[in-house]
Amino acid sequence: MSKKKAKQKFYVVWQGFKPGIYNSWEACKKQVTGFDGAQFKSFSTKEEANLAINKSYWEIIEKKGKKDLKELTGKDKPILNSISVDAACKGNPGPLEYRGVYTDTETPLFARGPFEMGTVNIGEFLALVLGMAWLKKHKINDMPIYSDSRTAMAWVRNKKANTKLKKTAKNAILFEALDKAVDWLKTNNPKYKVLKWKTKEWGEIPADYGRK
């Protein structure tokens, strides 16, 4: 029995070595891998890609699963004056990126990736550490950081990245980032409050990439 041919996707690169529309992931990957703060997204049709490239990445990115946090009526609500972090991985392992946003407005604060070969847990962990470093750099001591990953939060508490991903030439730069993050935690012994994002009650975390 022959395998069903995968439906072609079209990739818009807003920020990369050469922004534009690409007809395959391999072509797109060459433009975004190693580019700090790369912005890209896949579309099902060429028409959708053509419309998207004329708008901003943040205007296009999907908001599926997110709620208006200001309209939550329960007693238990997230602290809006906070940082939210998240990671996205195309496959696990696969191309990885992660970022942090200001929870109240979803204003981007920092972003890294894509890295050629990583895992969601690694991205969530690095995003948390980068969030702490961002707070320290800006001398902010009373702003919590939200994550929806219990694994990443445990790695931060233990100051150890307990990943099972094997180090290869493809992810050597990512393992360097892991080593630096662990060293930063041990050296700075940060006391920032890291809180669990309650997805079931609050919807997707504001830093979510909307690619589910």
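The values are calculated or read from the model by the stated rules, or taken from the named source; none is laboratory data. Fair warning: this is a prediction, and the values are worked out from it, not measured in the lab. When we count neighbours, we look across all protein chains shown, and the Cβ atoms used for this are built from the backbone with ideal geometry, even at glycine. Heads up: the accessible areas ignore ligands, DNA and RNA and are worked out on the full protein's heavy atoms, side chains in. Shrake-Rupley method; radii C 1.70, N 1.55, O 1.52, S 1.80 Å.
The table below lists the values:
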{"read-out": "Isotropic mean projected area of the C-alpha convex hull, the chain (nm²)", "value": "14.0"}
{"read-out": "Extension gain (nm, one decimal) between LYS139 and ILE79, 0.36 nm per residue minus Cα-Cα", "value": "19.7 nm"}
{"read-out": "Length released on extending from LEU51 to GLU106, taking residue separation times 0.36 nm less the Cα-Cα span", "value": "17.5 nm"}
{"read-out": "The chain, accessible area per residue, ligands and nucleic acids excluded (1.4 Å, Å²)", "value": "58"}
{"read-out": "FRET E, pair ALA172, GLU201, Förster distance 45 Å, beta-carbon r, rounded to 0.05", "value": "0.70"}
{"read-out": "Phi to ³J(HN,Hα) by Karplus 6.51 cos²θ - 1.76 cosθ + 1.60 over region 124-137, Hz, x for Gly, Pro", "value": "5, 5, 5, 5, 4, 5, 5, x, 5, 4, 5, 4, 5, 4"}
{"read-out": "Principal semi-axes in Å for region 84-133 [√(5λ), Cα gyration tensor, largest first]", "value": "19, 10, 8"}
{"read-out": "Percent accessible area from carbon and sulfur atoms, the chain, protein chains only, probe 1.4 Å", "value": "52"}
{"read-out": "Residue-averaged [θ]222 nm for the chain, counting only DSSP H segments that reach four residues, each worth -39500 (n - 2.57)", "value": "-9500 deg cm²/dmol"}
{"read-out": "Spin-label zone in region 148-167 - amide nitrogen under 16 Å from a point set 7 Å from the Cα of LYS186 along the C-beta vector", "value": "155-163"}
{"read-out": "Calculated P(r) of region 105-208 - Cα pairs past 21 Å, %", "value": "34"}
